[in-house]
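The values are calculated or read from the model by the stated rules, or taken from the named source; none is laboratory data. The model shown is predicted, which means the values in this text are computed figures rather than measured ones. All Cβ positions, glycine included, derive from the backbone under ideal geometry; neighbour counts span all protein chains shown.
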Amino acid sequence: MRLGVNIDHVATIRETRGTSYPDPIEAALLAESAGADGITCHIRVDRRHIKERDIKILREVVKTHLNVECSLNKEIGAFLKTVKPDWVCIVPERSEEITTEGGLDLMKVSEEVDNATREFKSSGIKVTLFIEPDSKAVELSSKLGADAVELNTGSWCENPTLNKFRKIEEATQVGITLGLEVHAGHGLNLQNVGYIVEIEEISELNIGHSIIARSLMVGIERAVSEMKERILLGV
Ligand code: PXP
């Protein structure tokens, strides 16, 4: 199971003062040297953390794989097609939200997702759709041509009931049966990640806030290697 380290919040700290530090590029390089299997970032319409400059440089220096989260915004889509990250993960975005609040409502935006997926794939970029752990949403993602789904673990992390866990398991099985890669993320930390690791068919976890928060105390290399170790060992 790969660990994608989301470095958005290094840029969040930079943007609170408009300085050139801390640099998410440096964080990405340190995360990779500590064992991260991929680097993830989210370019938001309001550019509250990651900016074009970051993604251009990350594209040059990331040696593992670069995964960029974005909404269906056309200007950002056009930019990403020129930079060509390895993966794009399409997420819903609301300007007032503190963080991504849920998965895509694919019934509502199927046409836009279909078009965006086609365009990214024709530029050689693999596409993940960030969805709720729901079998129907996984089936629709497959129909829309996604290479992978990322299952939103946020609701389970906030209130970890068995029922919610079963839904993540079920959605994973549906994805695997349909030939999709299954990723998961949102709200994962050292305390809860071990349970998700038990779903062995999940191939990638994307984790940001808890790793960057821990890195304030112990440094990003140790924060990443602790998370890698927990993913390897489980609960
Ligand atoms: N996956 C997606 C699609 C996200 O939007 C985010 C938050 O940017 C994450 C994973 C990481 O979530 P967290 O910061 O809670 O680990």
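Just checking, how many residues over the stretch 29-54 are in contact with a strand residue (DSSP E or B) (Cβ under 6 Å, 6 or more places away or on another chain) and surrounded by fewer than 21 Cβ atoms within 10 Å (Cβ to Cβ)?
Residues that pass the stated criteria total 1.
Out of the residues in the stretch 175-192 meeting the condition of being touching a helix residue (DSSP H, G or I) at 6+ places or on another chain (Cβ under 8 Å) and surrounded by 24 or more Cβ atoms within 10 Å (Cβ to Cβ), tell me which one is farthest from GLU32 (Cα to Cα).
Among them, the one singled out is GLY175.
Would you check which residues across the stretch 1-34 are outside any helix (DSSP H, G or I), more than 14 Å from the ligand (Cβ to nearest atom) and either of a type in the set (A, V, I, L, M, F, W, C) or touching a residue at least 60 places away in the same chain (Cβ under 8 Å) (or both) and list them?
Matches in the stretch 1-34: MET1, ALA34.
What pairs can you find where one residue is in the stretch 185-213 and farther than 22 Å from ASP8 by Cβ, the other is assigned to a strand (DSSP E or B) and away from the ligand (no atom under 12 Å from the Cβ), and their Cβ atoms are less than 8 Å apart, with a gap of 6+ or different chains?
GLU201/VAL182
With the structure loaded, tell me whether ALA116 is closer than 21 Å to ILE55 by Cα and away from the ligand (no atom under 16 Å from the Cβ) or whether it fails that test. Can you show your working first?
Values: closer than 21 Å to ILE55 by Cα: yes; away from the ligand (no atom under 16 Å from the Cβ): no.
The answer is no for ALA116.
What do you reckon, is VAL62 within 14 Å of the ligand (Cβ to nearest atom) and at pLDDT 95 or above?
So VAL62 does not fit the description; no.
So, of the residues in the stretch 200-235 that are away from the ligand (no atom under 16 Å from the Cβ) and closer than 24 Å to LEU129 by Cβ, which turns out to be surrounded by the most Cβ atoms within 10 Å (Cβ to Cβ)?
Here the residue is GLU201.
Restricting the search to the stretch 117-137, which residues are assigned to a helix (DSSP H, G or I) and either farther than 24 Å from GLU75 by Cβ or modelled with pLDDT under 95 (or both)?
SER135, LYS136, ALA137 - these are the residues of the stretch 117-137 that are assigned to a helix (DSSP H, G or I) and either farther than 24 Å from GLU75 by Cβ or modelled with pLDDT under 95 (or both).
Name the residue, out of ALA146, ALA171, that is more than 14 Å from the ligand (Cβ to nearest atom), over 29 Å from THR12 (Cα atoms) and buried (at least 20 other Cβ atoms within 10 Å of the Cβ).
Among ALA146, ALA171, only ALA171 is more than 14 Å from the ligand (Cβ to nearest atom), over 29 Å from THR12 (Cα atoms) and buried (at least 20 other Cβ atoms within 10 Å of the Cβ).
Of everything in the stretch 41-72, what is within 19 Å of SER95 (Cβ to Cβ) and among the polar types (S, T, N, Q)? Give them in sequence order.
If the condition is that a residue be within 19 Å of SER95 (Cβ to Cβ) and among the polar types (S, T, N, Q), then SER71 is the only one that fits.
For the stretch 88-116, give me each residue that is outside any loop (DSSP other than H, G, I, E, B), of a type outside the set (Ser, Thr, Tyr) and either over 11 Å from ALA146 (Cβ atoms) or over 14 Å from the mean Cα position of the chain (by Cα) (or both). Even if it seems obvious, please write down each step before you answer.
Just the residues of the stretch 88-116 that are outside any loop (DSSP other than H, G, I, E, B), to begin with: 88-90, 106-116.
From what's left, of a type outside the set (Ser, Thr, Tyr): 88-90, 106-109, 111-116.
Selection gives LEU106, MET107, LYS108, VAL109, GLU111, GLU112, VAL113, ASP114, ASN115, ALA116.
Give the residue, chosen from GLU158, GLU101, that is exposed (fewer than 14 other Cβ atoms within 10 Å of the Cβ) and out of contact with any His (no Cβ under 8 Å at 6 or more places or on another chain).
After ruling out the rest, the residue left standing is GLU158.
For ARG48, state whether it is assigned to a helix (DSSP H, G or I), in contact with a helix residue (DSSP H, G or I) (Cβ under 8 Å, 6 or more places away or on another chain) and under 25 Å from THR117 (Cα atoms).
no
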